[in-house]
Amino acid sequence: MAKRALITGVTGQDGSYLAEHLLSMGYRVWGLTRGQANPRKDRVSQLVPDLEFVHGDLMDQGSLVTAVNTVQPDEVYNLGAISFVPMSWQQPELVTEVNGTGVLRMLEAIRIVSGLTKPSASSVVDGQIRFYQASSSEMFGMVTQSPQSETTSFHPRSPYGVVKTYGHYMTRNYRESYGMYAVSGILFNHESPRRGAEFVTRKISLAVAQIKLGLQEKLHLGNLDAVRDWGYAGDYVRAMHLMLQQDQPDDYVVGTGQMHSVRDAARIAFECVGLNWEDHVSVDPGLVRPAEVETLCADYSHARTHLGWEPEVDFPELMRMMVESDLRQARLVSGQRAELSGASW
């Protein structure tokens, strides 16, 4: 019988890649969605035709219990979150409700459906629903050591990072208190052509495509010296799945162990189309975060040793992938506009 998986945040970058990966392995996969008139639901349906849907909301406990009870999943992947870090300063209460309390609600839904009625210090119960929580390298914040591993202390520098830390510890608490198979993947930045346009790597690749075609003049960026460990989302969803296949639950750092600056990302992206980034990039102080996380780099040796996981796409290849995708899309849209402007009515 095929395994069954439930994914929250299925309309996002990671959700669509994970759904594809699980379906390719013979799973039946449901995505949790709010409401019916959701354009992002239509988009992910086109990307992943065999994906099924169930109604639910991370801000509504009852709907999550119903969704878990309906799907009866073997595995639940909680990827649902407001993932744009700057928004967490603008709407900290909303981000807390979704990214923090939403984790608790899903853990409670699994506990209720699984019949785990009271805390127990016993080991993990066999045959129960397995839970994956999408933790974040933003929890490390003002880092105390580099690279960062599972034992590095947390000092988050944004409301987003603080709330992700809450979800991380809550997941561990349910594992230790109820014997729940619950793990957290501490994922470092991961990008793809499906990344939202508000994220800096996609902002760069979109702008490069527009500038190359003469549709845009300048790219405005904030802190060019901010350094991240950037990887490919398609690689990282493999790690998520592997975490839930182990005999015992554990938390894992997932990254590449390689650091690049925003300046590096811009340079590589513009080189892909034969342009000099310095001719087209300007710094906007208004785009700098109130409290910047300067240096994040993953020590993923635990995942490499115990999961057998390695990243396959390096950073230059990732940026080329994103630029080429956005260039194809920009040319297509530009061509369609040209056809429309030349049409006779």
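The values are calculated or read from the model by the stated rules, or taken from the named source; none is laboratory data. Quantities reported herein were computed from a predicted structural model and do not represent experimental measurements. Note: accessible area is taken over every heavy atom of the protein model, side chains too, but ligands, DNA and RNA are not part of it. Shrake-Rupley method; radii C 1.70, N 1.55, O 1.52, S 1.80 Å.
Rounded to the nearest 10 degrees, the angle from helix 13-24 to the longest Cα principal axis of the chain is 60 degrees. When the chain is treated as a Gaussian network with alpha carbon springs shorter than 10 Å, the biggest mean-square fluctuation among Glu278, Glu97, Glu176 belongs to Glu278.
Taking only protein heavy atoms into account and a 1.4 Å probe, give the accessible area per residue of the chain in Å².
Details: 15320 Å² over 345 residues.
Spelled out: the 1.4 Å probe surface of the chain, per residue, equals 44 Å².
Relative to the dominant Cα principal axis of the chain, helix 102-114 is inclined by about 40°.
Quick one: pull the percent of accessible area on the chain belonging to carbon and sulfur, 1.4 Å probe, ligands and nucleic acids left out. Ligands and nucleic acids excluded, carbon and sulfur give 49 percent. Note on exposure: Thr171, Thr70 ranked by accessible area (1.4 Å probe, complete protein assembly) read Thr70, Thr171, with the most exposed listed first.
Between Gly234, Gly196, Gly115, the GNM of the chain built on Cα springs shorter than 10 angstrom shows Gly115 fluctuating the most. With the convex hull of the Cα atoms taken as the outline of the chain, the averaged projected area works out to 19.1 nm².
The largest accessible area among Arg172, Arg328 belongs to the first residue in Arg328, Arg172, and the rest follow in falling order (1.4 Å probe, all chains). In the context of the full protein assembly, Arg175 retains an accessible surface of approximately 30 Å², using a probe radius of 1.4 Å and ignoring ligands and nucleic acids.
Percent relative contact order of the chain, based on C-alpha pairs within less than 8 angstrom and at least six residues apart? Show your work: numbers first, answer last.
Numbers: 667 pairs, mean separation 56.6, N = 345.
So the answer I get is 16 percent.
Which entries of Lys3/Lys118; Lys41/Lys218; Lys164/Lys218; Lys41/Lys118 show an alpha-carbon separation above 30 angstrom in the structure shown? Please list the in-between numbers first.
Numbers: Lys3/Lys118 27 Å; Lys41/Lys218 33 Å; Lys164/Lys218 34 Å; Lys41/Lys118 37 Å.
Table pairs above 30 Å Cα-Cα are Lys41/Lys218; Lys164/Lys218; Lys41/Lys118.
Taking 8 Å as the Cα distance limit and 6 or more residues as the minimum spacing, I'd like the relative contact order of region 71-178 as a percentage. Averaging sequence separation for qualifying contacts and normalising by length gives 37 percent for region 71-178.
Against the chain, whose longest principal axis comes from its Cα atoms, helix 200-212 is set at around 30 degrees.
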